[in-house]
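Have a look at the structure below before the remarks.
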Amino acid sequence: MAKKSMRTAINEAIRLEMRRDPTVILMGEDVAGGQGGSADVTDAFGGVLGVTKGLYTEFGPSRVIDTPIIESAIMGTAAGAAVSGLRPIAELMFSDFIGVCYDQIFNQAAKFRYMFGGKAQTPMVMRSMTGAGLRAAAQHSQSLHALFTMVPGLKVVVPSGAYDAKGLLIEAIRDNDPVIFLEHKAMYDLEEEVPDEAYTIPFGEANVLREGKDVTIVALARMVRFSMEAAANLSKLGIEVTVIDPRTTSPLDTDTILESVAETGRLVVVDEANPRCSFATDVAALVADQGFKYLKAPIKLVTAPHAPVPFAPNLEDAYIPNAAKIEAAVLSIVAAGGRNAA
Amino acid sequence: MQLDRDTLAESYRTMATIRAFEERVGADSLSGLIPGFVHLYAGEEASATGICLELGEKDWIGSNHRGHGHCIAKGSSVEGMMLEIYAREGGLCGGKGGSMHIADLSVGMLGANGIVGGGAPLAVGAALSAKTLKTGGVCVGFIGDGASNQGTTAEAMTMAVVLKVPVIFVIENNGYGEFTAVSYHSGGIDLAARAASFGMEAHKVDGTDFFAVNELAREVIAKTRATNMPAVIEVAVNRWHGHFTGDPQAYRSAEELATVRLSDPLVIFKKRVIEAGLLPQELFDKIDGEVADRIDSAARAAIAAPPPDISTVTTDVYVSY
Ligand SMILES: Cc1ncc(C[n+]2csc(CCOP(=O)(O)OP(=O)(O)O)c2C)c(N)n1
Ligand SMILES: [Mg+2]
């Protein structure tokens with residue numbers, strides 16, 4: 001197996017599925033790049049951060065479609081194409097731009113199947129960049145997974161690395177419901193072992209990255225990395241934590257979370273998003289509702305503050321949850337409830 | 001030429017300031033001194049300068065991600081802008097916005113915008129305020145050729161026509177929306193004609209010619225101010241740099257890259273004014289020198305300034321809470 005970046009893994013997933021299934025198309029702004037330009041190139045960019053590079057060259061303009069900057073039409077076209085025979089992968093460059101086109105996702109694509117009495121299938125994937133860390137400020141840095149997770153009819157995938165991204169994206173493309181696939185922009189260059197061939201990772205199955213008896217940490221995307229960093233540091237202090245990456249927020253693997261809390265009795269949820277009505281509060285509510293009897297200490301949430309993402313690097317670094325904040329949250333409840341016997 | 005000598009000199013100073021500002025910010029972005037995305041306005045100076053010359057204190061402008069030139073032309077302090085772009089304390093937005101979100105409400109600058117098409121409806125709103133509050137002001141909404149395709153732009157134009165508010169949409173057509181040429185992204189249609197079809201007077205002008213821009217702007221803005229009828233100006237400009245700093249521009253031919261700077265709005269301006277005997281070459285040289293010094297000291301001051309205080313991460317979310 002070769003080491004590949006998350007960027008390469010995502011590119012491979014799209015490429016393999018487009019080879020396998022001629023109804024899969026890719027559309028979005030500059031997914032190829034350079035159309036109509038004087039240089040007569042056809043694949044000048046491959047997406048603003050180069051994720052879809054080379055796909056136009058292999059599949060041509062009828063399957064790799066550069067669009068104008070018209071997100072409502074991009075998402076609506078994808079939804080309409082999906083109910084009528086194609087399997088579109090529609091790219092929303094930054095997930096913040098969902099503000100421009102949310103209707104086509106949440107009133108249209110998400111609702112067809114139910115409103116039409118189970119008759120429709122909308123096999124589209126909306127791929128989009130999420131997360132802070134690039135000094136891109138308030139309109140290019142948000143973590144909006146909760147906005148999609150709250151909508152019945154949408155499936156929501158938030159991968160935490162290259163291996164998962166490839167398997168989950170192939171699963172998403174083959175899935176017959178609308179899937180929101182959120183790629184953390186600060187993780188594109190992170191490398192992992194990734195097989196060359198196609199493979200799938202089922203939705204609703206959490207990945208347990210590390211098992212420890214004292215505290216359960218549930219985290220998504222980049223926060224999984226920070227939680228693993230915190231776990232290593234805590235281990236040096238003799239505190240062993242379990243790190244769970246649900247991988248999909250809808251469906252959510254509630255069993256794995258509850259089973260782990262049953263063993264540890266303590267829960268920390270780490271979420272890069274704003275704290276109100278969020279993934280963090282959702283998991284906390286799940287455990288408070290169904291796992292209260294296991295709890296030995298208060299549930300702790302490590303999140304961004306209730307504020308937009310700031311531009312200045314020192315402010316943004318203070319804004320984003322990090323390993324130190326996760327360690328502090330863990331220590332606060334281990335101290336409160338005592339460590340568990342080995 | 002209807003402009004007096006002082007106004008000519010000041011207009012040149014504004015254009016030269018925008019140029020020098022952008023060249024400095026571009027270099028410091030590439031070297032890593034400036035964080036985040038930076039979109040340069042170099043090459044398009046005559047558009048913002050020629051139009052904003054016809055605006056006063058009670059007038060507003062709305063801007064986009066390529067907003068430094070709009071800001072400077074509307075009268076924002078380059079020192080405050082530099083502090084913001086370098087992410088420093090005392091920046092126009094306290095270091096919270098950066099290049100893509102510079103706003104200076106004190107001079108009628110409604111804000112750059114990170115959302116393509118986000119600004120057009122806001123410009124209609126400012127024009128509605130001006131009309132309702134009877135300030136006599138107008139609002140100019142600067143939008144790109146790419147943004148002209150957005151649904152929000154179409155809705156804003158419809159709203160402006162229906163409400164009869166004093167807004168002038170200025171479509172700065174620099175040939176590209178990001179890395180895609182206008183011929184592809186707009187399907188080869190005439191952007192001014194499309195705007196006109198909403199029910200407004202629409203005009204086109206060569207944006208390398210400050211005088212052509214300014215004369216048209218004077219006429220159109222005066223009419224909109226007097227009648228509350230919205231209007232459109234499509235300005236043909238050249239984007240000298242990539243979409244953002246660091247864009248290798250593989251989609252532009254060697255020939256295009258070699259010729260795109262040939263019609264330099266500053267050079268064209270100077271030539272016209274010197275040939276007409278209105279201002280001497282020496283004055284231009286003097287202004288260039290002063291501008292270079294000002295930009296250099298503003299950049300140095302920004303680099304030396306402290307970052308914003310960490311406690312400000314959670315301030316300014318609400319007026320009261
Ligand atoms: C809603 C939205 N879609 C896409 C983008 C990404 N983006 C930023 S600038 C830009 C191109 C805009 O082109 P144009 O309006 O012509 O302005 P120019 O950059 O040429 O000045 C794009 C696609 C964005 N910021 N917002
Ligand atoms: Mg443009």
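The values are calculated or read from the model by the stated rules, or taken from the named source; none is laboratory data. All values derive from a computational prediction rather than experimental measurement. Cβ sites come from the backbone with ideal geometry, for glycine too, and all protein chains shown count toward neighbours. Surface areas here come from the heavy atoms of the whole protein model, side chains and all, with no ligands, DNA or RNA. Shrake-Rupley method; radii C 1.70, N 1.55, O 1.52, S 1.80 Å.
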*Taking H placed 1.01 Å from N in the peptide plane, check which residues at least 5 places from A:V156 or on another chain put their amide H under 5 Å from its amide H.*
A:I180, A:T249, A:S250
_FRET E, pair A:A288, A:T254, Förster distance 22 Å, beta-carbon r, rounded to 0.05_ = 0.95
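Give me the dipole magnitude in Debye, nearest 20, for the stretch A:207-334 about the Cα centre, with unit charges on the beta carbon: positive for Lys and Arg, negative for Asp and Glu. Walk me through the numbers on the way to the answer.
Details: 12 positive and 16 negative charges, 50 e Å.
The calculation lands at about 240 debye.
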*Once fully extended, how much extra length lies between A:A328 and A:T57, figured as 0.36 nm per residue of separation less the alpha-carbon to alpha-carbon distance?*
92.6 nm
*asked:* With the crude spin-label approximation of a point 7 Å out along Cα→Cβ, what separation in nm comes out for A:H306 versus A:M150?
replied: 1.4
*asked:* With the crude spin-label approximation of a point 7 Å out along Cα→Cβ, what separation in nm comes out for B:E219 versus B:L278?
replied: 1.7
*Mean separation of Cα contacts under 8 Å, 6 or more apart, over the residue count of the stretch A:3-193: relative contact order %*: 26
*Provide the descending list of Cα extents for the stretch B:160-277 along its principal axes, expressed in whole angstroms.*
46, 44, 23
*asked:* Filter A:K236/A:K300; A:K155/A:K300; A:K185/A:K293; B:K96/B:K164; B:K204/B:K286 down to the pairs with a C-alpha to C-alpha distance above 28 Å, please.
replied: A:K185/A:K293; B:K96/B:K164; B:K204/B:K286
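If I take all pairs of Cα atoms in the protein assembly as shown, what percentage of them are more than 34 Å from each other? Write out the running numbers ahead of the final one.
Numbers: 106736 of 219453 pairs.
Summing the P(r) of the protein assembly as shown above 34 Å gives 49 percent of all pairs.
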*Estimate the FRET efficiency between B:R300 and B:L262 by the formula 1/(1 + (r/R0)^6), using the beta-carbon distance for r and 51 Å for R0, to the nearest 0.05.*
0.95
*Compute the relative contact order of the stretch B:83-154 as a whole-number percentage, counting only Cα pairs closer than 8 Å that sit 6 or more residues apart in sequence.*
21
*If packing is taken as the mean number of other Cβ atoms within 10 Å per residue, what is the order of A:109-121, A:84-96, highest first?*
A:84-96, A:109-121
_Please state the shape class of chain A: rounded when a/c is under 1.5, otherwise prolate if a/b exceeds b/c and oblate if not, all from the C-alpha gyration tensor._
prolate
*So, in Å, what gap is there between the alpha-carbon centers of the stretch B:76-90 and the stretch B:114-153?*
25
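List the equivalent ellipsoid semi-axes of the stretch A:246-308 in whole Å, largest first, each obtained as the square root of 5λ for an eigenvalue λ of the Cα gyration tensor.
On the way: eigenvalues 83, 38, 16 Å².
In descending order, the three semi-axes are 20, 14, 9 Å.
From the helices alone, meaning DSSP H stretches of at least four residues, give me the mean residue ellipticity at 222 nm for chain A, per-run term -39500 (n - 2.57), in deg cm²/dmol to the nearest 500.
My calculation for chain A gives -10500 deg cm²/dmol from helical runs alone.
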*If you count the DSSP beta bridges with both ends in chain B, what percent of them are antiparallel, to the nearest 5?*
10
*Please give the contour-minus-distance gain from B:K134 to B:D316: 0.36 nm per residue of separation, less the Cα-Cα distance, rounded to one decimal in nm.*
62.5 nm
*Size of electric dipole in chain B: Cβ of Lys, Arg +1 and of Asp, Glu -1, about Cα centre, debye, nearest 20*: 700
_Suppose the chain between A:D196 and A:K296 were pulled fully straight at 0.36 nm per residue; how much longer would it get relative to their current alpha carbon spacing?_
31.5 nm
*asked:* Quick check: from the Cα gyration tensor, does the stretch A:3-193 come out rounded (a/c under 1.5), prolate or oblate?
replied: rounded
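When a/c reaches 1.5 or more, the comparison of a/b and b/c decides; with that in mind, is the stretch A:135-201 rounded, prolate or oblate per its Cα gyration tensor? Can you show the working numbers first?
Values: a/c = 3.18, a/b = 1.13, b/c = 2.82.
Oblate, because a/c is 1.5 or more while a/b does not exceed b/c.
I'd like to know how the stretch B:194-255 sits against the 2.2 N^0.38 Å rule of thumb: what's its Cα Rg over that expected value? All intermediate terms of the calculation are to be shown ahead of the outcome.
Working: Rg = 16.0 Å, N = 62, 2.2 N^0.38 = 10.6 Å.
Normalised by 2.2 N^0.38 Å, the Cα Rg of the stretch B:194-255 equals 1.51.
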*Quick one: grab Rg to one decimal and Dmax as a whole number for chain B, Cα atoms only, in Å.*
19.0, 61
*Cβ-derived FRET efficiency at R0 30 Å, B:L105 paired with B:V161, nearest 0.05*: 0.70
_Solvent-accessible area, 1.4 Å probe, carbon plus sulfur percent, for the stretch A:207-334_ = 54
